[in-house]
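Note sheet for the following structure.
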Amino acid sequence: MTTVDSGEPDDEHVEEHPKPTARRIVLGAQLRRLRENADITRAQAADEIRGSESKISRIELAKVSLKERDVRDLLKCYGVTDDEQQRPFLEMVRESKQPGWWNRYSDLMPDWFQDFVGLEESASRIQAYELQFVPGLLQIEPYAKAIASHGRPELADENVRRRVALRMQRQKLLNGPQAPRVWAVIDESVLHRPIGGLDVMRQQLDHLLEMTKRSTITLQVLPYRLSGYAAEGSFSMLRFAEPELPNLVYVEHLAGALHLDKPEEIEQYSRVFDHLTVDAETPEESRKLLHKVRAEL
């Protein structure tokens, strides 16, 4: 193969992106399916874009930034030659290059959390189990500030304020026309842990009661007597309408986070979440418990 100088970085110096966007994942999966349907090998596809097999692999796995020229050349190679047929693919390339709103907070977020925030925006269902705090998407600002400041909100600096702003911005996805369905199970101890003080906790419980009036939000409380049996720690599951996007389990720990997407992992956590919803109080009984705890504060 004769290498053509494209004036762009060669295959060994392509800029890698450790945080693939949902659009890039979808596009990579679609390109892989087109290639396989056309019975074209990665090596043959690589020749079309003057690259290597590893570059084709990185494109299909959403581990590298996409170029319109490369995608157009690949589409032609796969038999997609009509401009109208190519249009949605090229639009996805452009969308995948748009920085997310969270980009301005990138200095506060490790890569693994940027991955999660980026995919959270595209989820059709979010399932969460929380042992210690109210789920982030359902926290009020003073509650989030108390957590971000390690219980000293009066000493909050600019970084703390920006972390709270980031959390509040994430919650806007609940108000959009394509709001995901959120199903959260929380340990009963969360209701009795006065994060930020009693006044903040009263406001937080009021907020939970208000949010659970929405048809898109379900909240269940796991009673003390069954706490700790079904799951050892908190986790979140993101589920997507697009078949190309794999469902994802997100488990945070002190040194980072795990993103689990293997079918057997998803199946295991799905069974655990189902078990939690059976053990927990029903949504209606959980609302009654929220009212009871609120009245006692």
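Give the distance, in whole Å, between the Cα centre of the stretch 178-255 and the Cα centre of the stretch 129-146.
9 Å
Which order do the peptides 82-92, 96-106, 47-57 take when ranked by the mean count of other beta-carbon atoms within 10 Å per residue, highest first? Write out the running numbers ahead of the final one.
On the way: 82-92: 12.6, 96-106: 14.3, 47-57: 18.8.
Taking the mean over residues of other Cβ atoms within 10 Å, the ranking is 47-57, 96-106, 82-92.
With an 8 Å Cα cut-off and a minimum separation of 6 or more residues, compute the relative contact order for the stretch 138-207 in percent. Walk me through the numbers before you get to the answer.
On the way: 45 pairs, mean separation 31.2, N = 70.
Over the stretch 138-207, the number comes to 45 percent.
How much accessible area per residue does the chain have, in Å², with a 1.4 Å probe?
Working: 15680 Å² over 297 residues.
Dividing the accessible area of the chain by its residue count gives 53 Å².
Normalised by the number of residues in the chain, what is the relative contact order in percent for Cα pairs under 8 Å and 6+ residues apart? Working shown, then result.
Values: 386 pairs, mean separation 51.3, N = 297.
Answer for the chain is 17 percent.
Which shape class applies to the stretch 85-129: rounded if a/c is under 1.5, otherwise prolate when a/b exceeds b/c and oblate if not, where a ≥ b ≥ c are the square roots of the Cα gyration tensor eigenvalues?
Values: a/c = 3.53, a/b = 1.46, b/c = 2.41.
Here the stretch 85-129 falls in the oblate category.
Compute the relative contact order of the stretch 156-297 as a whole-number percentage, counting only Cα pairs closer than 8 Å that sit 6 or more residues apart in sequence. Show your work: numbers first, answer last.
Details: 131 pairs, mean separation 36.4, N = 142.
This gives 26 percent for the stretch 156-297.
How many percent of the accessible area of the stretch 226-279 is carbon or sulfur, using a 1.4 Å probe?
On the way: 1580 of 3080 Å².
Reported share for carbon and sulfur atoms: 51 percent.
So what's the Cα pair-distance distribution over the chain, bin width 5 Å, in %?
1, 5, 10, 13, 15, 14, 11, 9, 7, 6, 4, 3, 1, 0, 0, 0
Indicate the gyration tensor shape class of the stretch 148-195 (rounded, prolate or oblate), computed on the Cα atoms with a ≥ b ≥ c the square roots of the eigenvalues: a/c under 1.5 is rounded; otherwise a/b larger than b/c is prolate and the rest oblate.
Details: a/c = 4.34, a/b = 1.24, b/c = 3.51.
It is oblate, given that a/c is not under 1.5 and a/b is not larger than b/c.
Quick one: divide the alpha-carbon radius of gyration of the stretch 216-297 by 2.2 N^0.38 Å and tell me what you get.
Numbers: Rg = 15.3 Å, N = 82, 2.2 N^0.38 = 11.7 Å.
Dividing the Cα Rg of the stretch 216-297 by 2.2 N^0.38 Å gives 1.30.
Does the stretch 99-217 classify as rounded, prolate or oblate by the C-alpha gyration tensor (a ≥ b ≥ c root eigenvalues; a/c under 1.5 gives rounded; else a/b over b/c gives prolate, otherwise oblate)? Each step should come with its number before you reach the end.
Numbers: a/c = 1.82, a/b = 1.06, b/c = 1.71.
In terms of gyration-tensor shape, oblate.
Could you sort the peptides 126-135, 67-76 by per-residue average Cβ neighbour count (10 Å cutoff), highest mean leading? Don't skip to the answer; put the middle values down first.
Values: 126-135: 20.4, 67-76: 17.6.
Peptide ranking by packing, descending: 126-135, 67-76.
Residues with beta-carbon under 11 Å from that of Leu226, excluding Leu226: net charge, scoring Lys, Arg +1 and Asp, Glu -1? Working shown, then result.
Values: positive: Arg225; negative: Asp187, Glu188, Asp279, Glu281.
In short, -3.
Given only helices, namely DSSP H runs of n ≥ 4 each adding -39500 (n - 2.57), what is the per-residue ellipticity at 222 nm of the chain, to the nearest 500 deg cm²/dmol? Intermediate values should be presented prior to the final figure.
Values: 11 runs with 131 residues, N = 297.
Dividing the helical sum by the residues of the chain leaves -13500 deg cm²/dmol.
Taking all protein chains in place and a 1.4 Å probe, what share, in percent, of the accessible surface of the stretch 65-197 do carbon and sulfur account for? Intermediate results must be reported in sequence, preceding the final value.
Numbers: 3040 of 6420 Å².
Looking at the stretch 65-197 in its full context, I get 47 percent from C and S.
The values are calculated or read from the model by the stated rules, or taken from the named source; none is laboratory data. It should be emphasised that the depicted structure is a prediction, and the values quoted were computed from it without experimental measurement. All Cβ positions, even for glycine, are placed from backbone atoms using ideal geometry, and neighbour counts span all protein chains on display. Just so you know, the surface numbers come from the protein's heavy atoms only, side chains and all, with ligands and any DNA or RNA stripped out. Shrake-Rupley method; radii C 1.70, N 1.55, O 1.52, S 1.80 Å.
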